[in-house]
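These notes are about the structure you will find just below.
The values are calculated or read from the model by the stated rules, or taken from the named source; none is laboratory data. All figures in this text were calculated on a predicted structure; none of them were measured in a lab. Note that we place each Cβ from the backbone using ideal geometry, even for glycine, and neighbour counts take in every protein chain shown. SASA here: full protein model, heavy atoms, side chains in, ligands and nucleic acids out. Shrake-Rupley method; radii C 1.70, N 1.55, O 1.52, S 1.80 Å.
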Amino acid sequence: MTDLAPTTLALLCAAALAAGWIDAVVGGGGLLLLPALLLGLPAGTPAAHALGTNKAVAIVGTLGAAVTYTRKAPVDVRTAVRIGLAALAGSSGGAFLAAGMSTEVLKPVIMVVLLAVAAFVILRPAFGTAPATGPAGPRRVLAAIGLAGLGIGFYDGLIGPGTGTFLVLALTAVLHLDLVTASATAKIVNCCTNAGALAMFAWQGAVLWQLAALMAVFNLAGGTLGARTALKHGSGFVRIVLLVVVFAMVANMAYEQWVA
């Protein structure tokens, strides 16, 4: 932290606050937080340190959002935990492979991910606005464990940004949840993916703990506030935020890729 200017620290904390709110509402806070870390950390900092610090910050805000959601939203905690345990295994494997990945590889991948999310949301205008259909059967739960657990968990450990959004989309599609319930369930799963990836990054010494502790305070505040906002305004509001977040991130990454 001594290598960072006060202005840079302030901007990173602001990014953590905003990312916590976004992540709690619809997921994808890492699409703001990770680029902020990649830009804010001193030149020459390994990409793995940005990824590890991102996980240490995000797990705090995600946990705060999960606690807020489970108090008021109709979440099937048992199913969420089962998916989360699979996601923990997947994210640990992804994080193990991420250690050698460079920043130059990460940025284009994140942009492709954003474009894919944007296309999906645009093509499915009514997605996630219907009320949840009730408890999912064993086949749907098993499919969710494979897709949202192992698959997205692996992606979370390997790259990370957009995991919360992908979890919301997958849980809505596979378990037939509304967007608010899917967001609540995703927070529990995301806690597990973050824990698995963070453990691997910590073992590799790729976490800047002092910086992470400071940013985590702001991420927790944002996550708690975001969960309360989503519970208050419902699925329609969550969908609007999803579209705004996706397009804002696409525009930002396109600017960095081709203009800056």
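Filtered by the rule that a residue be of a type outside the set (A, V, I, L, M) and crowded, with 24+ Cβ neighbours inside 10 Å, segment 22-36 gives D23, G27, G28, G29, G30.
If you go through segment 176-195 and keep only what is more than 12 Å from the chain's Cα centre (by Cα), buried (at least 24 other Cβ atoms within 10 Å of the Cβ) and in a helix (DSSP H, G or I), you end up with L179, V180, A182, A184, T185.
A quick yes/no check of all residues on (1) under 18 Å from the mean Cα position of the chain (by Cα); (2) at positive phi; (3) modelled with pLDDT of 90 or more:
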| residue | (1), (2), (3) |
| --- | --- |
| L11 | no, no, yes |
| G52 | yes, no, yes |
| T62 | yes, no, yes |
| A73 | no, no, no |
| A87 | yes, no, no |
| A95 | yes, no, no |
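Just one of the numbered conditions (1) at pLDDT 85 or above; (2) closer than 30 Å to P46 by Cβ; (3) under 15 Å from the mean Cα position of the chain (by Cα) is not true of A202: (3).
Would you be able to say whether some residue in segment 14-26 is modelled with pLDDT under 85, in contact with a helix residue (DSSP H, G or I) (Cβ under 8 Å, 6 or more places away or on another chain) and at negative phi? The answer is yes, given that some residue of segment 14-26 is modelled with pLDDT under 85, in contact with a helix residue (DSSP H, G or I) (Cβ under 8 Å, 6 or more places away or on another chain) and at negative phi. Consider segment 196-209 and keep the residues that are part of a loop (DSSP other than H, G, I, E, B) and small (G, A, S). The one that is most open to solvent (accessible area, probe 1.4 Å) is G205.
Scanning segment 6-18 for residues that are in contact with a Phe, Trp or Tyr (Cβ under 8 Å, 6 or more places away or on another chain) and open to solvent by 30 Å² or more (accessible area, probe 1.4 Å) turns up A14, L17.
Yes or no, residue by residue, for (1) touching a His at 6+ places or on another chain (Cβ under 9 Å); (2) within 16 Å of I152 (Cβ to Cβ); (3) open to solvent by less than 60 Å² (accessible area, probe 1.4 Å); (4) part of a helix (DSSP H, G or I):
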site	(1), (2), (3), (4)
D3	no, no, no, no
G20	no, no, yes, yes
L38	no, no, yes, yes
G44	no, no, no, no
A50	no, no, yes, yes
L63	no, no, no, yes
I83	no, yes, yes, yes
A87	no, yes, yes, yes
G90	no, yes, yes, yes
